[in-house]
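The values are calculated or read from the model by the stated rules, or taken from the named source; none is laboratory data. In this text, all values refer to a predicted model and were calculated from it rather than measured experimentally. Because the Cβ atoms are built from the backbone with ideal geometry, glycine has one as well, and the counts that use them run over all protein chains shown.
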Amino acid sequence: MATINAANAGTYAFDEAFKVNRLGYGTMQLTGPGTWGPYADPENGIKVIKQALAYGVNFFDTADSYGPWFADRYLAAGLKDAANRDQIFISDKVGQTRQGPNVWTPHGEPNYLRQQVEVSMMTLGIDHEDLVFLHRIDTHFSIEEQVGELKKLQDEGKIKHIGLSQVTVDDLKAAQKVATIDAVENLYNVADHRDDDVLDYAESQGMAFLPWFPLATGQLAQPGSSLSTMAAKYHVSSAQIALAWLLKRSKNVLPIPGTSSVEHLADNVAAANVDLSTADFNELSQLSVK
Ligand SMILES: NC(=O)c1ccc[n+]([C@@H]2O[C@H](COP(=O)([O-])OP(=O)(O)OC[C@H]3O[C@@H](n4cnc5c(N)ncnc54)[C@H](OP(=O)(O)O)[C@@H]3O)[C@@H](O)[C@H]2O)c1
């Protein structure tokens, strides 16, 4: 029987020094309802992070706005004693403020972005950020101001790589005039390819593409979902089919499924063992809204 190991998904190199296993973990489920406040069972959250490490996950996606701060605290606690801490890559996001459950307000004032990077480093217990996404472009400020501030932080050695989240190809092109953009994080999954053009552009430019909502917030993982026939054919779960499809879509795709359950975590990482045939990949691709 194949082992549960994120390394089975293959690797993605952010730079010459840093390769990550392509199947990662997103921390957003480790908060209270509406991504607000503390998660009800912090010990379990930390256990999930530690178990992810045990399954070879070395790529974690997080954001200051998850909680805010709560998910970052659990992530820091879970990674603290990791033997391979120097090989663990964190992608972080700044540029959204929070006023309550399910309320998100972009705020791209350069001083605020700088503050959030500094405070995030303190919360995460790190001396530099591996990758920071501008969580959303704030239309009150220019791309030059927002990405320009991240570039300044990069020049100061506080950020290694810069990314943008929920953007268009034109946004990426505008940002590339200000800094090297190494990653993009947009809503994307087997049932929603509206951002195919962004993914294709990211691949052509050598950027990582992190599809958020890789399981459509769990809908694709439900028994009886549109993936269940294919799941039965491969004797795996629907969640595994959704993740295997993403892994096959492009070598630049790094799925970051979120879960608060060690059982679901095992299920998700084991998706790295599912080898979809090209015909089945193409059949699944027809499910998408465009
Ligand atoms: N850049 C952005 O704007 C943005 C926006 C949203 C999310 N994100 C990132 O993307 C990550 C993933 O998104 P997400 O966590 O919201 O959604 P998701 O990964 O699509 O789905 C998570 C949901 O699926 C359930 N689930 C996970 N694995 C499962 C399995 N094997 N079987 C059954 N159910 C399963 C989880 O419940 P359980 O806890 O019960 O497993 C949870 O309700 C986030 O953690 C965050 O890092 C980024």
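In the list Val147, Val184, which residue meets the criterion of being within 28 Å of Asp127 (Cβ to Cβ), surrounded by 16 or more Cβ atoms within 10 Å (Cβ to Cβ) and more than 16 Å from the chain's Cα centre (by Cα)?
Values: Val184 fails: more than 16 Å from the chain's Cα centre (by Cα).
Answer to the selection: Val147.
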Seminar exercise, completed: The residue from Ser228, Ser142 that alone is small (Gly, Ala, Ser), more than 23 Å from Ile126 (Cα to Cα), at pLDDT 95 or above and surrounded by fewer than 18 Cβ atoms within 10 Å (Cβ to Cβ) is Ser142
Exercise. Which condition breaks for Ile46 when tested against (1) more than 14 Å from the chain's Cα centre (by Cα); (2) within 19 Å of Gln240 (Cα to Cα)?
Worked result: (2)
For this session: Under 7 Å between Cβ atoms, at least 6 apart or on separate chains: pull out the pairs that start in the range 268-290 with a residue that is farther than 14 Å from Ser238 by Cα and end on any residue that is of a type in the set (Val, Ile, Thr).
Result: Ser288/Val190
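Within 9 Å of the ligand (Cβ to nearest atom), closer than 24 Å to His264 by Cβ and not acidic (Asp, Glu), is that true of Gln166? Step through it out loud before you land on a result.
Details: within 9 Å of the ligand (Cβ to nearest atom): yes; closer than 24 Å to His264 by Cβ: no; not acidic (Asp, Glu): yes.
Judged against the criteria, Gln166 is not a match.
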Problem set entry | Any chance Gly45 is outside any loop (DSSP other than H, G, I, E, B), touching a residue at least 24 places away in the same chain (Cβ under 8 Å) and surrounded by fewer than 16 Cβ atoms within 10 Å (Cβ to Cβ) | no
Exercise. Hey, among the residues in the range 244-259 that are among the aliphatic types (A, V, I, L, M) and farther than 15 Å from Ser285 by Cβ, which one's nearest to the chain's Cα centre (by Cα)?
Worked result: Ile256
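Hand me the list of helices (runs of 4 or more DSSP H) wholly inside the range 207-290 holding 1 or more residues that are touching a strand residue (DSSP E or B) at 6+ places or on another chain (Cβ under 8 Å) and more than 7 Å from the ligand (Cβ to nearest atom). Give the derivation first.
Working: elements: 228-234, 238-249, 262-269, 278-285.
Per the criteria, 238-249, 262-269.
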Exercise. Does any residue in the range 2-22 that is more than 15 Å from Ala208 (Cβ to Cβ) come within less than 8 Å, Cβ to Cβ, of a residue that is loosely packed, with under 14 Cβ neighbours inside 10 Å six or more places away or on a different chain, and which pairs are these?
Worked result: Asn8/Ala2
Problem set entry | the range 125-142 residues that are free of Cβ contacts under 8 Å to residues at least 40 places away in the same chain and within 16 Å of the ligand (Cβ to nearest atom), paired with ones that are basic (Lys, Arg) and in a loop (DSSP other than H, G, I, E, B) (beta carbon under 8 Å, 6 or more apart) | Glu129/Lys158
Exercise. Which residues, taken from the range 100-111, are farther than 11 Å from Gly37 by Cα, part of a strand (DSSP E or B) and touching a strand residue (DSSP E or B) at 6+ places or on another chain (Cβ under 7 Å)?
Worked result: Trp104, Thr105, Pro106
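Yes/no matrix, rows are residues, columns are (1) within 9 Å of the ligand (Cβ to nearest atom); (2) surrounded by fewer than 18 Cβ atoms within 10 Å (Cβ to Cβ):
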position: Gly26; (1), (2): yes, no
position: Leu30; (1), (2): yes, no
position: Asp41; (1), (2): no, yes
position: Ala52; (1), (2): no, no
position: Asp64; (1), (2): no, no
Seminar exercise, completed: Of the listed residues (Ala77, Ala83, Ala71), the one being buried (at least 16 other Cβ atoms within 10 Å of the Cβ), away from the ligand (no atom under 15 Å from the Cβ) and not in a strand (DSSP E or B) is Ala77
Exercise. Within the bounds of the range 176-192, is there any residue that is closer than 18 Å to Thr27 by Cα, within 14 Å of the ligand (Cβ to nearest atom), among the aromatic types (Phe, Trp, Tyr) and in contact (Cβ under 8 Å) with a residue 12 or more places away in the chain?
Worked result: yes
For this session: Kindly indicate whether Glu203 is charged (D, E, K, R), outside any helix (DSSP H, G or I) and in contact (Cβ under 8 Å) with a residue 24 or more places away in the chain.
Result: no
